[in-house]
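This report concerns only the one structure given below.
The values are calculated or read from the model by the stated rules, or taken from the named source; none is laboratory data. Quick caveat, the model's predicted, so the values are computed rather than measured. Note: ideal-geometry Cβ built from the backbone for every residue, glycine included; neighbour counts use all protein chains shown.
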Amino acid sequence: MKVLFANIEDVMREAAARWTLIAYFCLSTLFVIIFAFSVNLDVVDGALAGAKLFGNNVNMNGSSVSIEKVVLGFESGFSGFLYFLCTFLAIFATAHLVPRMQEKGTVDLYLSRPISRFKLLMSRYFAGLILAGTNIAYLIGSMWLIVVWKTHVVHPRFLLAGLIIFFVVATLLAFAFLIGVVTSSTAVSIMSSYAVFFFGFMLAGHKRFAAAVSKEWQAGLINGLYWVLPKTAEMFGAVISFVSEQRLPRELGGALTPTPFLATGAFAVGCLALASWLFHRKEF
């Protein structure tokens, strides 16, 4: 157990020594500062009388609007922005963990320790989750506190949306680890993770794409890819829906379904299992 925690501590020290940790949180702080100075609300008796967002005046048409509705709409919209921001920053800051570990000399040092390869890989994975999760909590928590400070309206759902974002980050990081084990390349890990993220968005329309192709095997391939890859579009919708309505993603028929979460979780588990197996068999 001590060796396991030592490996996690090594990741944090490595991130700090290479300026990754500092740059990660400095960039997040920059977004928080911009947000704090760009949102100005004039609240009178629990209603919004005037607003200025990012330097532009919001036309109120001479009437006041319930501040509760404004904050709820604003938080649901901004949670979508944070979904992209937190995911992109997390992958960029953690995709290097496996490729750097497999560098000549470094991997020899790690493998000389009394710890299995599976635990070694998982310790790096959990360290990446700690790094990404801390930043997600910092970003979302800071912006939530700013909204509460300026409006005196408290919506805890905005905080809990961070759990869905963290779930997506954990899934993409698992895929980045798989690519990192195979290629030992940070650049390929980052590009592949971003590609899967965007393919997940595109394949949300898999039924329309499948109907448009002329070959049955092409339609089968499209539908198959949809079920294999993480449901990043549905997770995006889940973040916004949860903040605004406290609901799970909906199928086209309108029924509530946890299927996108289960399929995305299965993808993450599969990537970690395959990465662990390949890393165990890999020769250095």
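The table below gives the values:
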item	result
Tally, over region 177-199, of residues that are of a type in the set (Gly, Ala, Ser) and within 13 Å of the chain's Cα centre (by Cα)	1
Verdict on GLU216 being among the acidic types (Asp, Glu) and farther than 19 Å from PHE267 by Cβ	yes
Subset of region 186-229 [of a type in the set (Val, Ile, Thr) and surrounded by 14 or more Cβ atoms within 10 Å (Cβ to Cβ)]	THR186, VAL188, ILE190, VAL196, ILE222
Criterion (closer than 22 Å to ALA170 by Cα and either at pLDDT below 75 or not charged (D, E, K, R) (or both)) met by exactly one of PHE54, PHE78, PHE35, PHE74	PHE78
Residue pairs meeting the criteria (Cβ under 6 Å; at least 6 apart or on separate chains; first closer than 17 Å to GLN102 by Cα and among the polar types (S, T, N, Q), in region 1-15; second at pLDDT 75 or above and buried (at least 19 other Cβ atoms within 10 Å of the Cβ))	ASN7/SER123
